[in-house]
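Each remark here refers to the structure printed beneath this line.
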Amino acid sequence: NLDTLQYIAQEVARRGLHFQLGLWTHGYDWSANEGVNHFIEGLNPENHAAYCRDTLRLLLEAVPEIGGVTFRIHGESGVPEGTYAFWRTVFRGIAGCGRAVEIDMHAKGIDPEMIDVALETGMPVNVSPKYSAEHMMLPYQQASIRASEMPPEDRDDEGFFAKSGGSRRFLRYSYGDLLKEDRRYGVLFRMWPGTQRLLLWGDPEMAAAYSRAAGFCGSAGMELCEPLSFKGRKGSGHPWGREAYADESLKSAEGDWKKYEYSYRLWGQLLYDPEAPSDSWRRYLKREFGPGGRAVETALGAASHILPLVTTAHHPSAANNNYWPEIYTNMSIVDEDVPHPYGDTPRPKRFGRVSPLDPELFAGVDEAAAELLSGEPSGKVTPMEVAAWLERFADRAMNSLSDAKGRVADPEAPEFRRLSVDVAIQAGLGRFFAYKMRAGVLYAIFDRSGQRKALEAALEQYHAARAAWAELSECAEGVYVSDITFGWAKHSRGHWADRLPAIDEDLAAMERRLESRDKRTEAGEADARPDPKQAERAIRAALKVPSRPHPHWDHTPPDSFRRGHPVKIEAALGLPEPAGPFTVELRYRHANQGERYRTTEMVRAGGRFHTFIPGDDTDSPYPLMYYFIFRDSRGRAALCPGFNERLTNTPYYLARQE
């Protein structure tokens, strides 16, 4: 093992790359864990820390090319959280190795005292939060974390996971409170492979946007888990290796990485420099696909928007081990008692209750239904808008794929066939989730109103979702093996076709709900529900894209602000002005995800609006982030700046301190 590690390190250094070694686990007592088969004997609480210190120093001396070590300092390391003396001893192994070696610590459970322990060594220190839970969301830093991640008010920091389960819970899946302006450590994001791990991904515009998001508040950038990360996880692999193709003609003699060459090229160029010239990837497309290269770029680019959008708008579990939208395990719209792996969805654990990954800017399914029935929109992006985006991306992907097929020299070449089937599957996933989100909203309207039309419309949308899933499953049939493994659990392996029975069962449950509703009606049982006309309006609204105001908006964020001084925020509406009365609200908070947003109504003077963020709110070590909510006389609302059509911008503003 040491020989192999030395070889890897030497080859990395020969290519001018930084070599970071991950030491995942420091625990030694695994007697209570089944299946553990590697033990170190002779350790006890008295010699444990010194052993880890000395072996770390020996390792760094034996492999001088190691430039940094990544530590998991939370409870999953096998060491109780808050054991600062242990880590102080271990880090001395780095300080004593005779050269500068970066200490990189996962953000989960970290606190200022733990960071200070690392800084005491005099070594460069980095903290690495996950980019967006263990998944790939849209290319911006989420405006908020889910309610379930906020630090609980009624829980003390006790037990093995004292910090990550207590006061530091909000650091499990994003940047938390790490982005102080005066920090003495680096921040590097890591994108985990929960969303897309098998199907081909590639969009230059998105890759550049991820690069910009990775520099948020002066952060150092982003690393990502490569395609096929966790393939065959926990010993679940097959004898033939990591290849997932059943069709032998689609396998590459060069290895399973070959399919993802374009993805690597985009990430490598654009994470390093978001302004990299397009020749750097279009030369590759021209070489591989000839005159069809630009159409291939468009097709795969559109398909690549689909799963990150689904992840952002609908997030039943932050754990990549549970939520895999690529081969989605169906969650019941109707029955909370149907088993599923999504433990961190709020009760009742149904599809409609799922939180968006960014609940500040996106409305969940049940939330959207309640807004439609009340006629009081929050301004958040609705599931209906998400559905429309998904369908547009799916249509664009398939139309461009058809165009590419007519232009490439050989449509039967393995490179084009691999890409084609993955684009088609992702387009099918987009259509499935679009139909299911509408079905969920309509079912929630029925649940609140008792209106038969709502349930009929929900069934129609759900049947369309089922048809989309069946079509994409058929597309994958014979192309991919019947058991694609990313773990032992049922939801971590299998094939798209395996998921159809659960969809059928939920459809049958919805049909039964319609039958029972009709029987109650025949028996003369009346529901005391909202106004039927109100429900009718909600049903119609759920089946179309919401009408939003589109004010001509002019706002320039302040170049900087002084801590403890008020910040004036101004905005102007261009001509023509909206008809009727309207209001503008400012929503703001520090770039600290442990905090909640504050709202203030802006004062109008002619066509301009202004307000102040008070000095008490700027007296903080954090930057400020904010956006506007515009409400018009028709009861409509819009977010400003909101999202562009390609979903590649930051939908809020940021102000840094002087």
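The values are calculated or read from the model by the stated rules, or taken from the named source; none is laboratory data. Computed from a predicted model, the values in this text were never measured in an experiment. As a convention, Cβ positions derive from the backbone with ideal geometry for all residues, glycine included, and neighbour counts pool all protein chains shown. The protein model used for the area step is the full one, side chains on, heavy atoms only, and it has no ligands, DNA or RNA in it. Shrake-Rupley method; radii C 1.70, N 1.55, O 1.52, S 1.80 Å.
Brief remarks follow.
- If both residues of a DSSP beta bridge must be in the chain, then about 60% of such bridges are antiparallel.
- Cβ-defined net charge surrounding Arg466, 15 Å radius [Lys, Arg +1; Asp, Glu -1]: -4
- Distance violations [Cα-Cα > 19 Å] among Lys108/Lys163; Lys108/Lys234; Lys231/Lys349: Lys108/Lys234; Lys231/Lys349
- Helical contribution to [θ] at 222 nm, DSSP H n ≥ 4, -39,500 (n - 2.57), averaged over the chain, rounded to 500: -11500 deg cm²/dmol
- Whole-Hz Karplus values for segment 621-637 come out as x, 10, x, 10, 10, 7, 7, 10, 10, 9, 10, 9, 6, 8, x, 9, 9 Hz, taken residue by residue from phi with 6.51 cos²θ - 1.76 cosθ + 1.60 and θ = phi - 60°; glycine and proline positions read x.
- With a simple spin-label model that places each label point 7 Å from the Cα along the Cα-to-Cβ direction, the separation between Gln10 and Asp518 comes to 7.7 nm.
- Assigned charges on the beta-carbon of Lys, Arg, Asp, Glu; the chain dipole about Cα centre (debye): 1140
- Across segment 61-159, the convex hull enclosing all Cα atoms gives 142 Å³ per residue.
- Under the Debye formula (equal points on every Cα, no solvent term), log10 I(q)/I(0) of segment 100-157 at q = 0.17, 0.21, 0.23, 0.25 Å⁻¹: -0.77, -0.95, -1.01, -1.06
- Residue-count net charge about Ile66 - beta-carbon cut-off 12 Å; Lys, Arg +1, Asp, Glu -1: -2
- Contour minus Cα-Cα distance for Glu601 and Lys234 (0.36 nm per residue): 126.8 nm
- Set against the 2.2 N^0.38 Å expectation for a compact globular protein, the chain has a Cα radius of gyration ratio of 1.01.
- Reachable lysines from Lys568, criterion Cα separation under 23 angstrom, eight or more residues apart if same chain: Lys180
- In segment 358-387, GluC sites (Glu not before Pro) in a DSSP loop with at most 16 other beta-carbon atoms within 10 Å: none
- Rounded, prolate or oblate (a/c below 1.5 giving rounded, otherwise prolate when a/b exceeds b/c) for segment 189-339 by Cα gyration tensor: oblate
- Solvent-accessible area of His18 with every protein chain in place, 1.4 Å probe, in Å² to the nearest 10: 110
- Extension gain (nm, one decimal) between Arg540 and Asp116, 0.36 nm per residue minus Cα-Cα: 147.0 nm
- Positive-end extreme of charge dipole, segment 344-467 - chosen from Trp389, Ser420, Leu459 (charges on Cβ): Leu459
- Per-residue surface analysis assigns His552 an accessible area of about 100 Å², computed on protein heavy atoms at 1.4 Å probe radius.
- Using the Cβ-Cβ distance between Arg294 and Leu654 with R0 = 25 Å, the FRET efficiency computed as 1/(1 + (r/R0)^6) comes to roughly 0.15.
- Loop-located GluC sites (Glu not before Pro) in segment 1-60 whose Cβ has at most 10 other Cβ within 10 Å (DSSP): Glu34, Glu41, Glu46
- Sequence of Tyr51, Tyr435, Tyr652 from largest to smallest accessible area, 1.4 Å probe: Tyr51, Tyr435, Tyr652
- Only protein heavy atoms count here; on that basis, with a 1.4 Å probe, Asp559 has an accessible area of about 150 Å².
- Counted by Cβ distance under 10 Å from Pro621, the other residues give a net charge of -1, where Lys and Arg count +1 and Asp and Glu count -1.
- Gap separating the Cα centres of segment 286-314 and segment 196-258, nearest whole Å: 15
- Once the chain from Glu570 to Ala32 is taken as fully extended at 0.36 nm per residue, the excess over their C-alpha distance is 187.7 nm.
- Amide H contacts of Ser620: Gly564, each under 5 Å away and 5 or more positions distant or on a separate chain (H built 1.01 Å from N in the peptide plane; Pro and chain starts excluded).
- Rounded to the nearest 20 debye, the dipole magnitude of segment 167-322 is 500 debye, with +1 charges on Lys and Arg beta carbons, -1 on Asp and Glu beta carbons, and the Cα centre as origin.
- With the charge dipole of segment 531-658 set up from +1 on Lys and Arg Cβ and -1 on Asp and Glu Cβ about the Cα centre, the Cα lying farthest toward the positive end among the listed residues Pro557, Tyr622, Gly594 is that of Gly594.
- Taken along its principal axes, the alpha carbon cloud of segment 388-524 reaches lengths of 67, 36, 18 Å, longest axis first.
- Cross-link reach list, lysines versus Lys380, counting only Cα pairs under 17 Å and skipping chain neighbours closer than eight places: Lys544
- Take the Cβ atoms of Glu511 and Leu58, set R0 to 51 Å, and the FRET efficiency comes out at 0.15.
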